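Throughout, read-outs are computed from the coordinates displayed, never taken from laboratory work. None of the values given here were measured: they were computed from a predicted structure. With ideal geometry, Cβ positions are generated from the backbone for all residues, glycine too; neighbour counts draw on all protein chains shown.
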Amino acid sequence: MRMTDNYEFTDSLPSGYEENVSSPDSAEDAVDRYSFTMLKPDGELCFGCGDLIVDRYLLRVNDQSYHVSCLRCCTCQIGLERQSSCYIKGNNVYCKLDYTREFGAKCSKCLRSIQPNDWVRKARDNVYHLACFACDSCKRQLSTGEEFALQEDQVLCKTHYVESLEGGPSKEDGNMKSKTKRVRTTFTEEQVQVLQANFQLDSNPDGQDLERIAQITGLSKRVTQVWFQNSRARQKKQQQQSRSDCGNSSPSPSSSPSKISSPSHWMNSSDSIHSDSMSYSE
């Protein structure tokens, strides 16, 4: 990183990524992030509109002067005078959000941008949303520590990778498996903690809250909804059992309500990488 009095340069490569995650730009055409300062004008021309700056103040970015109202993101047109920094590529100015969308890392499965609050997993040069890192054959989300293979950009669990090497299962076996095998969603420890915390606040969230929780956990809205349905059913069953036990025997001072048990299929996700690590340093 090279610092100057009025702005700073940072490499476009996210600081938390390994070297195998490439920058969207070449070294000759790098996208740099600049901070800017507010100064009093002295007969300067605005780099944005080309007019003489006669306002009381101007903004200066990368040795270029702007009217306060002219320093805007070229994509969303939001004014940047209240931001601490901006991104410049060529003569185009970007806010952080639009720069990340256009030039930041994208999920190798869904091809959508990876946002600063997303959890991601990496496989070779590929980066995936947590919910997108699933076997392309059985669609099951893969857990931390589980063996997998990357075959022509397809993610395969160990079972289906071995089957692909052996020529795959017979048609009859495949039909039987498709009828009897049930796809399970595996939850990470962080996902379970977020789900349980929200369940304690509201056991029956509305659609908007489900969308919010799904976005935080990296799960689909449908999977999140099913988790809450199962948790409510489990809670109701435990409450009925507790009432039944109270009716059959006198309560003891040491008795206490049962707690909702955690799903049994989550694994420790110590190798998950929160994409805050890919945000650009101030």
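Key figures
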read-out: Stretch gain in nm, segment ASN117-GLN154, where the contour uses 0.36 nm per residue and the Cα spacing is subtracted; value: 10.8 nm
read-out: Förster radius 22 Å - calculated FRET efficiency between GLN239 and GLN196 (Cβ-Cβ, nearest 0.05); value: 0.80
read-out: Distance in nm between pseudo-label sites at ASN91 and GLN208 (7 Å out along the Cβ direction from Cα); value: 4.3 nm
read-out: Using alpha carbons only: equivalent-ellipsoid semi-axes of the stretch 46-86, gyration tensor based, whole Å; value: 16, 11, 10
read-out: FRET efficiency, CYS110 to SER84 (Cβ-Cβ, R0 30 Å, nearest 0.05); value: 0.45
read-out: Charged-residue dipole, Cβ positions (Lys, Arg, Asp, Glu), the stretch 189-244 about Cα centre, Debye nearest 20; value: 400 debye
read-out: Cα-projected label distance for CYS246 with GLN215, points at 7 Å along beta-carbon direction, nm; value: 4.0 nm
read-out: Segments 153-163, 58-68 sorted - mean Cβ within 10 Å per residue, highest first; value: 58-68, 153-163
read-out: Derived scalar couplings ³J(HN,Hα) [the stretch 216-231; Karplus, 6.51 cos²θ - 1.76 cosθ + 1.60; whole Hz; x for Gly, Pro]; value: 5, 7, x, 9, 6, 5, 5, 5, 4, 4, 5, 4, 5, 4, 5, 5
read-out: Cα→Cβ-extended label distance, 7 Å offset, between VAL162 and THR75, nm; value: 4.4 nm
read-out: Radius of gyration and maximum dimension Dmax of the stretch 189-244, Cα, Å; value: 11.9, 39
